[in-house]
1. Can you name every residue in the range 57-81 that is closer than 13 Å to residue 34 by Cα and either under 11 Å from the mean Cα position of the chain (by Cα) or within 16 Å of the ligand (Cβ to nearest atom) (or both)?
2. So, residue 49, is that one surrounded by 19 or more Cβ atoms within 10 Å (Cβ to Cβ), farther than 18 Å from residue 172 by Cβ and either modelled with pLDDT under 95 or more than 11 Å from the ligand (Cβ to nearest atom) (or both) or not?
3. Being in contact (Cβ under 8 Å) with a residue 60 or more places away in the chain and within 16 Å of the ligand (Cβ to nearest atom) is true for just one of 32, 127. Which residue is that?
4. Which one of these is surrounded by fewer than 18 Cβ atoms within 10 Å (Cβ to Cβ) and closer than 22 Å to residue 34 by Cβ: 131, 136, 123, 114?
5. Give 191, 137, 185 a once-over and let me know the one that is at pLDDT 50 or above, within 24 Å of the chain's Cα centre (by Cα) and closer than 18 Å to residue 71 by Cβ.
6. Is the range 74-90 home to any residue that is surrounded by fewer than 22 Cβ atoms within 10 Å (Cβ to Cβ) and either without any contact (Cβ under 8 Å) to a residue 60 or more places away in the chain or part of a loop (DSSP other than H, G, I, E, B) (or both)?
7. Name the residues in the range 78-131 that are in contact with a helix residue (DSSP H, G or I) (Cβ under 8 Å, 6 or more places away or on another chain), of a type outside the set (Ser, Thr, Tyr) and farther than 16 Å from residue 188 by Cα, would you?
8. Within the group 114, 149, 136, 168, which residue is at positive phi and not in a loop (DSSP other than H, G, I, E, B)?
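The values are calculated or read from the model by the stated rules, or taken from the named source; none is laboratory data. Just so you know, these numbers come straight off a predicted model, no measurement behind them. So basically every Cβ, Gly included, is an ideal-geometry build from the backbone, and we count neighbours across all protein chains shown.
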Amino acid sequence: MALEEYRRKRDFKQTSEPAGAQAPPGAAGNRFAIQKHHATQLHYDFRLEMEGVLKSWAVPKGPTQDPAEKRLAMMVEDHPLDYMLFEGIIPAGNYGAGTVMVWDAGTYEPLASGDAPAMLAKGDLKFRLDGKKLKGEFALVRMRSRRPGSKGNEWLLLKKKDEHAKPGWNADDYDWSVISRRSLEQIAADEGSSTWTSSKPAAGKKKLRRAPVRKAKKPSAAEKPKPRAARSTR
Ligand code: MN
């Protein structure tokens, strides 16, 4: 498993992100997940299950259903499969510190040759998504011309023209978790629970007790830029 870099970057005594020991529920195969991640900078993490890991790209502007848009996607280290269900807060001082939402999830179907690892190696990966938010044909294409200072990890995420194409579609308009329905702000305010689990009752005692804290912590419009500036690392 190619998870050494993933594990090296994280201290699992501090972060509740998975160490990769558990397989997520559901059939193994061609799953995908996208996480909305408010780290130092807001971005979306695009993850495709392949050969036992999640191939991962950080997409600063997020994916789109608009075929007229090209989205920069920076390839990052492989993530363990159980990361696709991680939602919560990565504590300050840790790698990727900030709030993580499971923004979309579903399955993908490799197109063209149907051989996803081979298409990935060639830098031209064509696939169809069947998610709750994203649907239809997409491509991830490795960029040839490297910008100055580039690490060679720059790809473009493209939506192909098909019946699911939606001009003007903006990921930021879909600010709800596909596993908990919470907004990013609601996840960020829920500091007591670092990880959401499906076994937790939707309106349990814990949640009711936390409600006043959540309210008090909500920044006023004037204070809003503060939490972002206060976040350390990444
Ligand atoms: Mn991220």
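1. Taking the range 57-81 and keeping what is closer than 13 Å to residue 34 by Cα, we get 57-64, 73, 79, 81.
Residues satisfying the conditions are 57, 58, 59, 60, 61, 62, 63, 73, 79.
2. Details: surrounded by 19 or more Cβ atoms within 10 Å (Cβ to Cβ): yes; farther than 18 Å from residue 172 by Cβ: yes; either modelled with pLDDT under 95 or more than 11 Å from the ligand (Cβ to nearest atom) (or both): yes.
Spelling it out, residue 49 is indeed surrounded by 19 or more Cβ atoms within 10 Å (Cβ to Cβ), farther than 18 Å from residue 172 by Cβ and either modelled with pLDDT under 95 or more than 11 Å from the ligand (Cβ to nearest atom) (or both).
3. Details: 127 fails: within 16 Å of the ligand (Cβ to nearest atom).
Being in contact (Cβ under 8 Å) with a residue 60 or more places away in the chain and within 16 Å of the ligand (Cβ to nearest atom) holds for just one of 32, 127, which is 32.
4. Numbers: 131 fails: surrounded by fewer than 18 Cβ atoms within 10 Å (Cβ to Cβ); 136 fails: surrounded by fewer than 18 Cβ atoms within 10 Å (Cβ to Cβ); 114 fails: closer than 22 Å to residue 34 by Cβ.
Exactly one of 131, 136, 123, 114 is surrounded by fewer than 18 Cβ atoms within 10 Å (Cβ to Cβ) and closer than 22 Å to residue 34 by Cβ, namely 123.
5. Working: 191 fails: closer than 18 Å to residue 71 by Cβ; 185 fails: closer than 18 Å to residue 71 by Cβ.
None of the other options fit; the residue is 137.
6. Looking through the range 74-90, none of the residues is surrounded by fewer than 22 Cβ atoms within 10 Å (Cβ to Cβ) and either without any contact (Cβ under 8 Å) to a residue 60 or more places away in the chain or part of a loop (DSSP other than H, G, I, E, B) (or both).
7. Selection gives 78, 79, 80, 105, 110, 112, 125, 126, 127.
8. Working: 114 fails: not in a loop (DSSP other than H, G, I, E, B); 149 fails: not in a loop (DSSP other than H, G, I, E, B); 168 fails: not in a loop (DSSP other than H, G, I, E, B).
Every option except 136 fails the conditions.
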